[in-house]
Amino acid sequence: MEAAPPSTAGRGEGGGSEPGRGEGGGSEPGRGERGVSEPVLEATGLVREYGPVVAVDGVDLALGEGEFLTVFGPNGAGKSSLLGMLAGALRPTRGSVRVRGMPLDSGEDGWRHRVGALSHEGFLYLQLTAEENLRFYGRLYGLTDLDERVGARLERVGLAARAGTRVRELSHGMRQRLALARALLHDPDLVLLDEPYTGLDPSAAGVLREVLAELRDGRRTVVMVTHNLGSGLELATRVAIQVEGRFGWIGDALDIDRSGFERFYHEVVEGRAAGSAGARTGAGGPGEGTAERRGRP
Amino acid sequence: MQVKGMRRWGTALTVLGLLGLILVYWMSFFWVSTEATQGIVQRIFYVHVPAAWTSFLAFGLCALTSGMYLWLRDERLDRAALAAAEGGMVFATIMLTTGPLWGKIAWGTYWTWEPRLTLTLLLWFIFLGYFMVRGSTEDPGKGKRFAAVVAIVGALEIPFIHLSVIWFRSLHPQPVVVRPDGPTLPGDMFATLMTSLGAFTVLFLGMFLLRYALEGLKSELDARTRRAIA
Amino acid sequence: MSAYLTQVRAILWKDLVIELRTRERVLVMGGFAVLSAVLFDFSIDRALVAPQDIAAGLIWMTIVFGGLLGVGRTFHLEAEDGALRGLLMSPAPRDAVFIAKVLANFTLLYVVSLLVLGVFILFFDLELGGSPAAIALALALGSLGFVALGTLFAAVSSGTRLGETLLPILVFPLLAPMIVYGAGATARLLANRPLAEVAGHLRMLGAFTVVAVFAGAVLFRFVVED
């Protein structure tokens with residue numbers, strides 16, 4: 001159940017007390033206020049199991065152009081698995097994903113040009129230079145104007161001076177920046193980021209924040225998993241909290257009062273972890289409990 | 001329910017196969033005539049050859065269901081491949097133990113690089129690889145896919161292995177073996193061989209169905225356990 | 001089609017450049033080749049056996065063992081920073097990745113196999129015979145077939161707990177044709193037998209290799225999917 005457009009305080013959390021699945025709100029007409037007819041990213045009934053372990057337990061999601069979804073959640077909530085499925089790197093045990101209408105499991109690979117992903121692994125080759133890494137990926141993606149693109153991307157992440165340095169000699173922060181450059185090299189419509197702030201020093205984090213802010217250009221759609229509450233909220237148009245494989249809560253970022261969010265987050269996480277009963281009765285459920293603190297944006 | 005039906009058929013075929021086996025033993029020991037040059041020991045032939053045939057049948061079944069599994073992703077196909085592989089390995093082991101026994105007694109050496117024996121030895125190792133790969137992954141789904149690939153590649157290369165082993169054997173001095181093979185096989189020997197072939201095949205199919213049903217029950221149990229925990 | 005070739009070339013270039021820069025595999029395989037020849041030489045009592053008689057077999061086995069060393073590590077360089085994921089998420093088709101890796105491994109192994117041949121010729125006092133090109137062809141076909149199977153199963157084994165130690169068990173049973181026909185042809189050629197005698201060997205070796213490469217290209221995607 002999706003949060004309705006922001007209007008009055010306190011409303012809109014009703015969806016949070018739902019222990020059920022499908023809180024992403026499929027392609028309902030309610031999406032209309034974003035002016036989107038066809039979602040850029042559409043996930044239906046996503047389930048991911050590793051043998052007996054169920055990492056993702058039924059997630060539905062639809063994002064239109066220009067949306068920026070931040071997903072928070074404790075470790076082990078299945079966020080990386082979810083992101084992996086959205087990126088087409090992991091095959092869902094059940095359910096499906098579409099990017100711009102193209103299903104990921106159809107055998108057609110056209111959607112790969114539209115998706116860029118950043119994970120805590122950089123996907124970089126340590127023995128190649130920064131520039132060589134980008135050129136390599138550029139050739140894989142069939143990009144033609146490589147010289148300018150690579151140069152521009154390196155500039156943007158502040159690594160122009162390090163173009164000829166081998167990745168193994170770069171610091172972690174620089175590698176993350178390079179990985180970001182790689183993820184964006186082919187100008188993807190959909191950008192998926194898995195905890196990009198991990199291990200970054202403040203200057204690298206600053207560069208990251210700038211680049212991410214640029215992604216909110218109305219054209220691109222971003223899904224970011226992070227533990228960084230500040231940046232996550234700052235950039236998001238929508239926010240979700242994933243707990244035990246499902247979205248415990250998902251809503252518009254505008255509805256969220258930053259100062260109260262951390263407490264709200266804990267309530268959602270614990271509310272769900274304690275079982276659905278607690279959430280439904282409303283006692284300590286995320287909806288009612290935080291109604292008062294949900295001031296106007 | 002499907003599994004029950006499988007079990008009934010499996011049990012029926014296994015019993016039938018065992019009865020057939022008793023018949024075969026009777027025929028091999030008491031009915032069929034003794035082979036001229038080798039004497040009594042030649043009767044191992046009626047177990048040795050059908051075991052080989054059955055193991056290759058099993059492997060073919062394993063490779064086929066593995067290929068279909070990769071294509072259709074139906075778990076039942078993977079279970080069938082597993083059941084076939086187990087049966088195949090058992091019969092390959094039978095073949096590989098009876099062979100050297102026969103060889104030692106009949107013409108003094110345990111191993112003669114006889115093509116069928118060599119091929120079965122390599123097949124046995126392909127089966128080994130199949131099981132090792134299945135069991136050594138973190139994610140069981142991966143293990144199933146890996147094993148399927150092993151089976152398929154094995155099946156594709158078996159013809160080459162077969163030819164190479166035959167060619168190789170042609171270089172080696174072979175003991176003079178009157179192989180009671182082919183169309184020149186005397187009538188009663190032929191009959192015994194065919195009966196044995198039939199018995200072994202039926203026995204294998206029965207065991208295969210039982211094993212397949214068992215694997216089906218196992219995964220049903222796993223699924224229910226998971227649901228109960230959740 | 002040209003996009004495909006660009007991708008294959010890009011991956012091939014990447015693997016070869018990295019190999020050139022680290023020189024890990026080539027040194028290990030080359031060193032192994034030479035040392036094996038030395039030890040094999042020591043293992044032969046020249047009073048009982050003429051080294052020339054068994055050289056061909058030893059050459060091929062040395063190539064196989066050395067090849068294992070190199071091929072087993074194929075996916076290591078991708079594992080370092082999760083690079084294989086990045087590669088698989090790109091539009092490059094799975095079989096392109098496989099073919100590129102096979103070509104890279106083949107380049108490596110073929111060079112090493114020629115080295116092995118040279119070392120054995122030196123240590124075992126062999127004569128190259130009348131058709132060195134045929135020997136080179138046999139080694140090429142054998143290396144390619146071996147590398148195809150090895151690369152496929154290297155991907156399999158690196159996904160298991162046992163890792164590369166599983167590789168010989170998976171690959172060796174399938175190598176019988178390669179050894180029988182390859183070493184057989186090499187032995188005859190070194191003994192100066194006419195080319196016609198080994199034509200059949202080379203044909204079978206070729207067929208074996210074609211099947212190996214094709215099977216690998218088709219099945220690789222099932223191995224690396226997640």
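Assorted remarks:
- Restricted to the range A:41-81, and to residues there that are hydroxyl-bearing (Ser, Thr, Tyr) and within 14 Å of chain B (Cβ to nearest Cβ), the residue that is surrounded by the fewest Cβ atoms within 10 Å (Cβ to Cβ) is A:Tyr50.
- For the range A:56-77, the set of residues classified as of a type in the set (Gly, Ala, Ser) and farther than 17 Å from A:Asn228 by Cα consists of A:Gly58, A:Ala62, A:Gly64, A:Gly66, listed by residue number.
- Filtered residues of the range B:162-174 (kept if more than 17 Å from the chain's Cα centre (by Cα) and either part of a helix (DSSP H, G or I) or more than 9 Å from chain C (Cβ to nearest Cβ) (or both)): B:Leu163, B:Ser164, B:Val165, B:Ile166, B:Trp167, B:Phe168, B:Arg169, B:Ser170, B:His172, B:Pro173, B:Gln174
A quick yes/no check of all residues on (1) closer than 18 Å to C:Gly72 by Cα; (2) in contact (Cβ under 8 Å) with a residue 40 or more places away in the chain; (3) more than 9 Å from chain A (Cβ to nearest Cβ); (4) over 19 Å from the mean Cα position of the chain (by Cα):
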site	(1), (2), (3), (4)
C:Met1	no, no, yes, yes
C:Thr6	no, no, no, yes
C:Leu12	yes, yes, yes, no
C:Glu24	yes, yes, yes, no
C:Met29	yes, yes, yes, no
C:Val34	no, yes, yes, no
C:Asp41	no, yes, yes, yes
C:Ala47	no, no, yes, yes
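- Residue satisfying condition, being surrounded by fewer than 24 Cβ atoms within 10 Å (Cβ to Cβ), at pLDDT 90 or above and within 13 Å of the chain's Cα centre (by Cα), within set C:Ala154, C:Ala148, C:Ala134, C:Ala140: C:Ala140
- So C:Ser143, is it more than 9 Å from every other protein chain (Cβ to nearest Cβ), assigned to a helix (DSSP H, G or I), closer than 30 Å to B:Leu70 by Cβ and not hydrophobic (A, V, I, L, M, F, W, C): yes
- Number of positions in the range A:105-115 that are part of a strand (DSSP E or B) and either more than 8 Å from chain C (Cβ to nearest Cβ) or more than 22 Å from A:Arg139 (Cα to Cα) (or both): 0
- Residues in the range C:79-119 that are surrounded by fewer than 23 Cβ atoms within 10 Å (Cβ to Cβ), within 14 Å of chain A (Cβ to nearest Cβ) and either free of Cβ contacts under 8 Å to residues at least 24 places away in the same chain or touching a Pro at 6+ places or on another chain (Cβ under 9 Å) (or both): C:Glu80, C:Asp81, C:Gly82, C:Ala83, C:Arg85, C:Met89.
- Residues that are under 22 Å from C:Tyr181 (Cα atoms) and in contact with a Ser or Thr (Cβ under 6 Å, 6 or more places away or on another chain) are absent from the range C:37-53.
- The range B:55-66: number of residues that are under 16 Å from B:Leu121 (Cβ atoms) and surrounded by 23 or more Cβ atoms within 10 Å (Cβ to Cβ): 3
- Some residue of the range B:151-159 being part of a helix (DSSP H, G or I), in contact with a Cys (Cβ under 7 Å, 6 or more places away or on another chain) and at pLDDT 85 or above: yes
- A:Thr290 being buried (at least 17 other Cβ atoms within 10 Å of the Cβ), modelled with pLDDT of 85 or more and of a type in the set (Val, Ile, Thr): no
- Top-ranked residue in the range B:67-87 [being touching a Phe, Trp or Tyr at 6+ places or on another chain (Cβ under 9 Å) and closer than 20 Å to C:Ala215 by Cα; ranked as surrounded by the most Cβ atoms within 10 Å (Cβ to Cβ)]: B:Ala81
- For the range B:123-141, the set of residues classified as surrounded by fewer than 22 Cβ atoms within 10 Å (Cβ to Cβ) and part of a helix (DSSP H, G or I) consists of B:Trp124, B:Phe125, B:Leu128, B:Phe131, B:Met132, B:Gly135, B:Pro140, B:Gly141, listed by residue number.
- Qualifying residue in the range C:177-191 (condition: assigned to a helix (DSSP H, G or I), of a type in the set (Ser, Thr, Tyr), buried (at least 18 other Cβ atoms within 10 Å of the Cβ) and at the interface with chain B (Cβ under 8 Å from one of its Cβ atoms)): yes
Okay, residues lined up against (1) closer than 24 Å to C:Pro93 by Cβ; (2) modelled with pLDDT of 85 or more:
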position	(1), (2)
A:Glu28	no, no
A:Arg34	no, no
A:Pro52	no, no
A:Val56	no, yes
A:Glu67	no, yes
A:Thr70	no, yes
A:Val99	yes, yes
A:Leu104	yes, yes
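- Pair list, Cβ < 9 Å and 6+ apart or interchain, from the range B:21-48 residues that are without any contact (Cβ under 8 Å) to a residue 60 or more places away in the chain to residues that are in a loop (DSSP other than H, G, I, E, B) and surrounded by fewer than 15 Cβ atoms within 10 Å (Cβ to Cβ): B:Ile40/B:Thr34; B:Arg43/B:Thr34
- Filter pass, A:Gly151 being in a loop (DSSP other than H, G, I, E, B) and more than 13 Å from chain C (Cβ to nearest Cβ): no
- Leading residue by the ranking (nearest to C:Phe222 (Cα to Cα)) among those in the range B:138-150 that are facing chain C (nearest Cβ under 10 Å) and modelled with pLDDT under 90: B:Gly141
- Just one of (1) more than 14 Å from chain A (Cβ to nearest Cβ); (2) free of Cβ contacts under 8 Å to residues at least 40 places away in the same chain; (3) surrounded by 13 or more Cβ atoms within 10 Å (Cβ to Cβ); (4) not small (Gly, Ala, Ser) fails for C:Ile59. It is (2).
- Residue-level check: of (1) surrounded by fewer than 22 Cβ atoms within 10 Å (Cβ to Cβ); (2) facing another protein chain (nearest Cβ under 9 Å); (3) outside any helix (DSSP H, G or I); (4) not basic (Lys, Arg), C:Gly159 misses just (1).
- For the range C:205-215, the set of residues classified as buried (at least 22 other Cβ atoms within 10 Å of the Cβ) and facing chain B (nearest Cβ under 8 Å) consists of C:Phe208, C:Ala212, listed by residue number.
- Answer residue from the range A:139-170, given it is of a type in the set (Ser, Thr, Tyr) and touching a residue at least 12 places away in the same chain (Cβ under 8 Å) and is surrounded by the fewest Cβ atoms within 10 Å (Cβ to Cβ) among those: A:Thr165
- In the range A:82-104, the residues that are within 11 Å of another protein chain (Cβ to nearest Cβ) form Cβ pairs under 8 Å with partners that are among the acidic types (Asp, Glu) and outside any strand (DSSP E or B), at six or more places apart or across chains, as follows: A:Gly84/C:Asp226; A:Ala89/C:Asp226; A:Leu90/C:Asp226; A:Arg91/A:Asp105; A:Arg91/C:Glu225; A:Arg91/C:Asp226; A:Pro92/A:Asp105.
- Candidates A:Ala213, A:Ala204: the one that is under 16 Å from the mean Cα position of the chain (by Cα), at pLDDT below 90, among the aliphatic types (A, V, I, L, M) and over 22 Å from A:Gly84 (Cα atoms) is A:Ala213.
The values are calculated or read from the model by the stated rules, or taken from the named source; none is laboratory data. Worth saying up front: this structure is predicted, and the values here are computed from it rather than measured. Note that we place each Cβ from the backbone using ideal geometry, even for glycine, and neighbour counts take in every protein chain shown.
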